[in-house]
Amino acid sequence: MIREANTSDAARIVRIHLNSWRSTYSNVFPKEVFDKQESEYNTRVENIKNAIRKGSSNYALLEEDNMVKAFICYGDARGDKYNDYKEIYSIYIEDNNQKNGYGTKLIKYCFNIFKKDGYKRVIIRCLKENTANEFYQKIGGKVVELEHSNIHGIDITECVYEFILGNKYS
């Protein structure tokens, strides 16, 4: 079942996020980055609660057996280039729940919301080192830009994927 998150879900969202980040990027970022993220746990929980209350970010959760297994965060696209786009900001799935189709279900859920709201284009940003790049390509995403920035003092490259709603997977 997929449902919209409420403030009581914030702690589970943060835990999934931190666990996924650690397992996905342990070869990209030093241990200190993950330790710092853990030390900010309570602040992160409060930030997500505030985002849910204000509606500045939307979170949808995938549950099975009354347990949240994955989440997706979405909203208006960031950046002036993408004014008429929606964006999936993040999608995180616990390691032991990957390869079960949860990512596809969550993305289709968002795509359906975007289509109902009259949007035709969606972007997803993904660190170049993330194995999810293969998934985004498989479901129809096309790299339209590489963005360079710095996270935690490390230069990174993000692939910006564009999805045209109404195509095979959307």
Let me know the longest stretch in the chain that avoids all trypsin sites (Lys or Arg not before Pro) found in a DSSP loop with at most 15 other C-beta atoms within 10 Å.
1-77
Once neighbouring chains are kept in place and the probe is 1.4 Å, which whole percent of the accessible area of segment 17-78 is contributed by carbon and sulfur?
43 percent
Would you work out the charge dipole size for segment 1-44 about its Cα centre, treating the Cβ of every Lys and Arg as +1 and the Cβ of every Asp and Glu as -1, and quote it to the nearest 20 debye?
100 debye
Among M67, M1, what's the order by accessible area (1.4 angstrom probe), most exposed first?
M1, M67
Expected unfolding gain across H152-E63 under the 0.36 nm per residue rule, minus the alpha-carbon gap, is 28.9 nm
Given an 8 Å cut-off on Cα distances and at least 6 residues of separation, report the relative contact order of the chain as a percent.
19 percent
Quick one: what do you get for segment 79-170 if you divide its Cα Rg by 2.2 N^0.38 Å?
1.10
Mean separation of Cα contacts under 8 Å (6+ apart) over length of segment 1-81, as relative contact order %
40 percent
At 222 nm, what value in deg cm²/dmol follows for the chain if DSSP H runs of at least 4 each add -39500 (n - 2.57) and the sum is divided by all its residues, to the nearest 500?
-11000 deg cm²/dmol
Starting from the Cα of K142, draw a straight line to each of the lysines and keep only those under 20 Å, dropping any in the same chain fewer than 8 residues away.
K81, K86, K105, K108, K115, K120, K128, K168
About its Cα centre, how strong a charge dipole does the chain have in debye, to the nearest 20, once Lys and Arg get +1 and Asp and Glu get -1 at the Cβ?
560 debye
Whole number please: convex hull volume per residue of the Cα set in segment 30-111, in Å³?
149 Å³
Between K142 and I113, what length comes free when the chain is fully extended (0.36 nm per residue of separation minus the Cα-Cα distance, one decimal in nm)?
8.4 nm
For segment 14-107, the dipole about the Cα centre with charges only on Cβ (Lys and Arg +1, Asp and Glu -1), to the nearest 20 debye, works out at 100 debye
Which one, I154, I93, I107, has the greatest fluctuation when you compute a Gaussian network model over the chain with C-alpha springs under 10 angstrom?
I154
Per q in 0.09, 0.13, 0.19 1/Å, what log10 I(q)/I(0) does a Debye calculation on the alpha-carbon atoms of the chain return?
-0.30, -0.65, -1.48
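The values are calculated or read from the model by the stated rules, or taken from the named source; none is laboratory data. The model shown is predicted, which means the values in this text are computed figures rather than measured ones. Because the Cβ atoms are built from the backbone with ideal geometry, glycine has one as well, and the counts that use them run over all protein chains shown. What goes into the accessible areas is simple: the full protein's heavy atoms, side chains included, and nothing from ligands, DNA or RNA. Shrake-Rupley method; radii C 1.70, N 1.55, O 1.52, S 1.80 Å.
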